[in-house]
Structures are given as structure tokens and as C-alpha cells.
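K.L.:
Can you keep this structure in mind? I'll have questions shortly.
Every number here is computed from the coordinates shown, using simple stated rules; none is lab data. Since we're looking at a predicted model, the values are computed, not measured. We place every Cβ from the backbone using ideal geometry, glycine too, and count neighbours over all the protein chains shown.
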Ligand SMILES: [Zn+2]
């Protein structure tokens, strides 16, 4: 057994080695879908986790893109067989291209707490926190109650086109899921996340001379505009729906009736009901013009994880932090991630367990060392008792 207070006190003695490790992981740059760099990073991370780890290659790369690490659970007399594992969900990729580190190296500010550099907050700090959490347990002679799996995907920042399959596979039979994404402002945990989808809507019309034979033509652009207007009305009528037409292309010239047009559309939705209504309208469109042909293709999709204020995992985490006198706020996120999948499946899920900070994806990205140490202790205490 390790008491939460003991874990926190111990975590706070590891500031220097955490900074060293954090710098190392940030310096090993990992832009999304760069198999070579991901393989180097995966090898280093697997060593740091001190666990059985599989590195799983992306079909299009030389391998080593994603990583799954395993720890045994100690079990308790109350736990029958098949009581499920605890799944930790993380990603190793960042939105920054290789070479950013030369311009913006890992730096500790004068306050001795604020760390800056590409990916410190989203989410290299989270990976360091997991390494420390496992180390804290073994140093105190403790062990996770349930078996633990950590899935680290390398394509989260581009919508997890490949990694989400890995998350889904390891979510099967999971008892609880902790997401290691950065928290909301102030360190608040996420107990719901809006879903997001990208859809390409294509229209085929009939080309014709715009002056002489206009009646023979069917304008793909006119049809697309009407479709988008009707979609906008649908989105406006639904609660918690957002629609953004990101690109429009089509046609050739002003004196030709356009025979093709297409748009790439981004959708966001907070509940499964809104998701269904919005995607249903977009994926099965009815043409306004008889001879226009519409087709819609889903480019990426993350389901809505609707917020449940009575989330039992969140209550456990809040209680653990409470033993340290720390208040842990809860909220819901406007952005989507890999835990949308587990939350939407109804598996108890909490995200935002990474260290506090701000500025994800931007030049002023920063995170807090003291928060990282607390998060590591929190993760350790949760795995020990849950
Ligand atoms: Zn992230």
C-alpha cells in the first residue's frame, strides 16, 4: 500500500530528473505521421516506461509509430477474474514540424516551474507523468490494483486515422479509461468532449454554355450553395451544433454552367442526438435540382462524448486530490480526441490528466513542473486504489 500523501511527497523529490526527462522527450521531435522519428521516440519511451511494450507500425511506414505498454495488476480478494484493466490513452505526435526545437528549445523559466518548448503541454509532459507514476508505485513497493495498459498513438493531431483502431481494440474490456490530454484552463479534468467530423460534399451537375444553352445545364455550384444553406439552417436549429465550411471549389469560368463543385465541411456536436441529426442530413443529401448528383464522404469522425456530471471516475480522482487539499475542477472540452471514442462507448472515462499549462499548438505553449509532479502522484494513487 502507498498512501496518497506519501506518493505526493515522494513525487516532489523528483523535480530535477523529471525536467531532464521532459527535455529529452521534447527534443526528440515527433511531427504526426513521421515513421522514422516516431520509431526513435517510441524506443526511448518504451525504455523509460520500464514495462513490457509493443511498438506497432503504421501500414504506410517502417514501423514503430504507435506504442502499447502493459503492467500487471496485483488484484484484490474482491476482484474476480476478468474484472477489466485500466486503460491510459496518450499520443506521442505534436503539431510542430521537425526543426522547431532548434528555434524554440526546451526552457525552464526563472520561476523554476514554467516549462516551454514544442509539445511540452500537448503532450510530452503527460508521458513523463506516466513514467513517474509507475516509478512512484514501484519505489513504494506498491502496484496497480488492476492490469494497466497505456496506448500511445502517433497520429492524434491528424485525427487518429490509424491510432483510433488501436484505442478501440484496447478499450475492449476496460474498466476505466484515463486520457492524458492537457487539462482545461486551471487544470480542470475533462468529463465530456464535443465530437467532430470532416465531410466532403461533391456535386456533379451538367455543363453548358451559360448564354446559349443555359437551360440544358445544371449548375453544380448553385446546387452546392443551396445544399450548404440548408445545412446551415439544420445546424442552427440543433443544440450544441457547429458547422464550418472550410473549403469550396468548382466550376471553370463565368460563361460555363459549372459541372462540378465540392466543399469540405467541419462539424462539431456535443451530444449523440445532435451528431446523428447533423451527420444524417449531410451524409444522405437530397438534391434540389433533379439532374444534380450528390455524394458525401466522411474524411474523419470522432463521436460525441456527452458530459455526465455524475462520472464516477471523476469523483474518485477529486477525492484523491482532496486528501492533499487540492481542488480539482471538472468541465467539458470543445475539442475532440481519442477519449471521445471510449466515452461514447459508455466506458467510464476521464481526460485531461496531463499537467496544467496553456497555449497548446502555439508558440507560447507552456506547462507547469509542480503540476506534473502532482499529476504523476494522482495517477499513481488512482491506479493503486481503483
Ligand atoms: Zn493532444
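K.L.:
Going by how many other beta carbons lie within 10 Å of each one, how would you line up 302, 21, 200, 232, fewest first?
P.N.:
Going from least to most buried by this count: 232, 200, 21, 302.
K.L.:
Just rank 146, 198, 253, 55, fewest to most, by other beta-carbon atoms within 10 angstrom.
P.N.:
Starting with the residue having the fewest Cβ neighbours, the order is 253, 198, 55, 146.
K.L.:
So, one more: So what are the three principal axis dimensions of the chain from its Cα atoms, in whole Å, longest to shortest?
P.N.:
Computed over the chain, the largest-to-smallest principal extents equal 85, 48, 38 Å.
K.L.:
Going from the alpha-carbon gyration tensor of the range 103-145, what semi-axes, largest first and in whole Å, does one get by taking the root of 5 times each eigenvalue?
P.N.:
They are 28, 12, 7 Å, listed from largest to smallest.
K.L.:
Next question. Test of understanding: what is the full-extension gain from residue 113 to residue 98, defined as 0.36 nm times their sequence separation minus their Cα-Cα distance?
P.N.:
Full extension from residue 113 to residue 98 adds 2.8 nm.
K.L.:
If you rank 135, 44, 338, 65 by fewest surrounding Cβ atoms within 10 Å, what's the result?
P.N.:
So the ranking, lowest neighbour count to highest, is 44, 135, 338, 65.
K.L.:
If the chain between residue 83 and residue 361 were fully stretched, how many nm would it gain, using 0.36 nm times the residue separation less the Cα-Cα distance?
P.N.:
96.3 nm
K.L.:
Based on DSSP, what percent of beta bridges with both residues in the chain are antiparallel, to the nearest 5?
P.N.:
Just about 75 percent of them are antiparallel.
K.L.:
What 222 nm value per residue comes from the helices of the chain, counting each DSSP H run with n ≥ 4 as -39,500 (n - 2.57) and dividing by all residues, nearest 500 deg cm²/dmol? The partial results should precede the final answer.
P.N.:
On the way: 11 runs with 128 residues, N = 386.
Helix contribution divided over all residues of the chain: -10000 deg cm²/dmol.
K.L.:
Follow-up. Quick check: from the Cα gyration tensor, does the range 195-302 come out rounded (a/c under 1.5), prolate or oblate?
P.N.:
Prolate shape, in that a/c is at least 1.5 and a/b is the bigger ratio.
K.L.:
Taking a ≥ b ≥ c as the square roots of the eigenvalues of the Cα gyration tensor of the range 5-140, is the shape rounded (a/c under 1.5), prolate (a/b larger than b/c) or oblate?
P.N.:
oblate
K.L.:
Work out how much length residue 226 to residue 13 would gain on full extension: take 0.36 nm times their residue separation and subtract the Cα-Cα distance, in nm to one decimal.
P.N.:
Result for the pair: 70.4 nm of gain on full extension.
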